[in-house]
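Reviewing the structure listed below.
The values are calculated or read from the model by the stated rules, or taken from the named source; none is laboratory data. Just so it is clear, the model here is predicted, and its values are computed rather than measured. Virtual Cβ from ideal backbone geometry, glycine too; neighbours counted across all protein chains shown. Side chains are part of the model used for accessible areas, which takes the heavy atoms of the whole protein and leaves out ligands, DNA and RNA. Shrake-Rupley method; radii C 1.70, N 1.55, O 1.52, S 1.80 Å.
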Amino acid sequence: LAVKDPTAVERANLLNMAKLSIKGLIESALSFGRTLDSDYPPLQQFFVVMEHCLKHGLKVRKSFLSYNKTIWGPLELVEKLYPEAEEIAASVRDLPGLKTPLGRARAWLRLALMQKKMADYLRCLIIQRDLLSEFYEYHALMMEEEGAVIVGLLVGLNVIDANLCVKGEDLDSQVGVIDFSVYLKSDDDIGGKERNVQIAAILDQKNYVEELNRQLNSTVSSLHARVDSLEKSNTKLIEELAIAKNNIIKLQEENHQLRSENTLILMKTQHQLEVSKVDVEAELQTYKHSRQGLDEMYTEARRQLREEAQLRQDMENELVVQVSMKHEIELAMKLLEKDIHEKQDTLIGLRQQLDEVKAINVEMYQKLQVSEDAMKEKNEIISRLEDKTNQINATMKQLEQRLQQAEKAQMDAEAEDEKLKQEYVNKSENLQNEFSQKEKQLLQLETDLKIEKEWRQTLEDDLQKEKETVSHLKTETQEIVNLKKEFLKLQEKNKQLKSICEDQEAALQELASKLSESKLKIEDIKEANKALQGQVWLKDKEATHCKLCEKEFSLSKRK
């Protein structure tokens, strides 16, 4: 007879004990109730068996005082391999009552069972055998195929909901002894096979529904990310609108200053003309000898007055253009504010709809655990979803109608701008008539004026002052040109804001498409549930071949 390897025998015994403990825990939990406490005996036996499995083949590490042999070392590696295990490791380290590494390992196992991720964590360890070789011998259970089988058996524990209090327990001083009397066969086990088959079918259906719910949760998280990005873009648009409003207020203040300066210049010129008229009438009779020199001076004065009149007309035309452009800017800003408010309302509606979709997913998960009576409630929920999609389509149509109304408002504003232009043209014609009347008065004064050389000097001084006013007007025209440049920059910013608004509309369309996809997934769930109603899970003896691929079933493939 061939001598068997003692380590292989140990691995086989531990594998059989793990099978018995997991099977007994699931059966007792389904009969007793899904939620289990820490005092439940089969659960305590399961943790003892898992300790023995993890301790098999551990290498002895030398410490400063003695030799150390604990399972906390390999379990601490899971934190690096699986990022979601960081919370468990941090909470285990923060527990106040734990002093030994073995107590931390026991607390880690209990928290992993409550999270329903013990199988996932241990699977990450088994894959990384190079790292496990630092802690285990080559013949250890975790390094061989038996470890993979135990990890597969642990997947079935996701059915159980464990409510364990780790904080108050004394996990450091517990003694791990396996109670073999629990696993001895009795007559009740033979009669409960049919019930176990039914429970297995229900568990398979529940696992399928959990996978579908995980996929739906991932789609909902992506939609949340899109909504957050849209909120950030909206805040940026609001800040840019505030900056544009401040620039418009500054331009309006500068326009008021220019108008006040123009009125002061007109008052000064009128006052000077009145003073000159009084002086000329007083000295008409006394001075009649120096016409020829004065004629030349007056021709120059007339020419300069005409140039000033032309400059004033140009200034008034530019002011009219600025006023019209400012009206257009104000209208555009109001329209942008309306669009932003409407989009914020639509975003709020989409958030509410996402919350409702979440609530519906939770209801679907709860109702799948119930029998055929829950199918009627699911049909009602699906009809509600269809109503909500119809409401979303109605809101999209209302947005299109609002856009059409905004375009009509722009047409009305353009008509009002044309009316204002006509009014400014009429005012300019009235000013030209006034200038022509003043020129006639000057012609009448030319026939009567006779002034000596002293009066020439006074007129030359006045002409120099007028030249200074002309230079001042030129500087003001340059400032107006700079204002035009700033206005062009504002127009470019307005175009950028419009492009951002179009991007937001495209994002809203993408959200609507994602909602339609979630609706299709809910219909798929409904069809899958209908397909599962009439089917029955066959026994292992009857199901020998797969009906799709026609291959033979083994124990692992059947599971």
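Can you pull out the GluC sites (Glu not before Pro) in segment 68-115 whose DSSP state is coil and whose Cβ has at most 14 other Cβ atoms within 10 Å?
Hits after loop and neighbour filter: nothing returned.
Distant-in-sequence amide contacts of residue 161, defined by a placed amide H-H separation under 5 Å and a gap of 5 or more residues or a different chain, comprise 35, 36. As a length-normalised measure over Cα pairs under 8 Å and 6 or more apart, the relative contact order of segment 7-186 settles at 34 percent. Using only alpha-carbon positions in the chain, the gyration tensor eigenvalues give semi-axes of 97, 30, 17 Å once each is multiplied by 5 and square-rooted (largest first).
Evaluate the relative contact order of the chain (contact order divided by residue number), counting alpha-carbon pairs under 8 angstrom at least 6 apart; express in whole percent.
Relative contact order, the chain: 16 percent.
Round to a whole number: what % of the accessible area of the chain belongs to carbon and sulfur, probe 1.4 Å? Roughly 52 percent of what the probe reaches on the chain is carbon or sulfur.
Placing +1 on each Lys and Arg Cβ and -1 on each Asp and Glu Cβ, with no other charges, gives segment 485-550 a dipole about its Cα centre of roughly 180 debye.
When the alpha carbon coordinates of segment 211-369 are projected onto the principal axes, the ranges are 122, 22, 16 Å, largest first. Solvent-accessible surface (1.4 Å probe) assigned to residue 53 amounts to roughly 0 Å².
Computed with a 1.4 Å probe over protein heavy atoms only, the accessible area of residue 302 comes to about 80 Å². Summed over the residues of the chain and divided among them, the accessible surface reaches 66 Å² per residue at a probe radius of 1.4 Å. Calculated mean residue ellipticity at 222 nm for the chain: -28000 deg cm²/dmol, from DSSP H runs with n ≥ 4 weighted as -39500 (n - 2.57), summed, divided by the residue count and rounded to 500.
Ordered by 1.4 Å accessible area with all protein chains kept, 549, 124 run largest first as 549, 124.
Placing unit charges on each Cβ (+1 for Lys and Arg, -1 for Asp and Glu) gives the chain a dipole about its Cα centre, and among 49, 470, 354 the Cα reaching farthest toward its positive end belongs to 49. Once a ≥ b ≥ c are taken as the square roots of the eigenvalues of the Cα gyration tensor of segment 381-478, is the result rounded (a/c under 1.5), prolate (a/b larger than b/c) or oblate (a/b not larger than b/c)? Cα axes put segment 381-478 in the prolate bin.
What the Cα atoms of segment 7-186 give is an Rg and a Dmax of 15.7, 51 Å. Past the 23 Å Cα-Cα mark, which pairs from 358/519; 397/514; 117/551; 23/116; 408/514? Pairs exceeding the cut-off: 117/551; 408/514. Using only Cα positions of segment 9-61, each an equal point scatterer, no hydration layer, compute I(q)/I(0) via Debye at q = 0.13, 0.29 Å⁻¹ and quote the log10 values to two decimals. So the normalised log intensities are -0.37, -1.11.
Ordering 304, 459, 205 by Cα displacement along the dipole of the chain toward the positive end leaves 205 in first place; charges were set at the Cβ atoms of Lys, Arg (+1) and Asp, Glu (-1).
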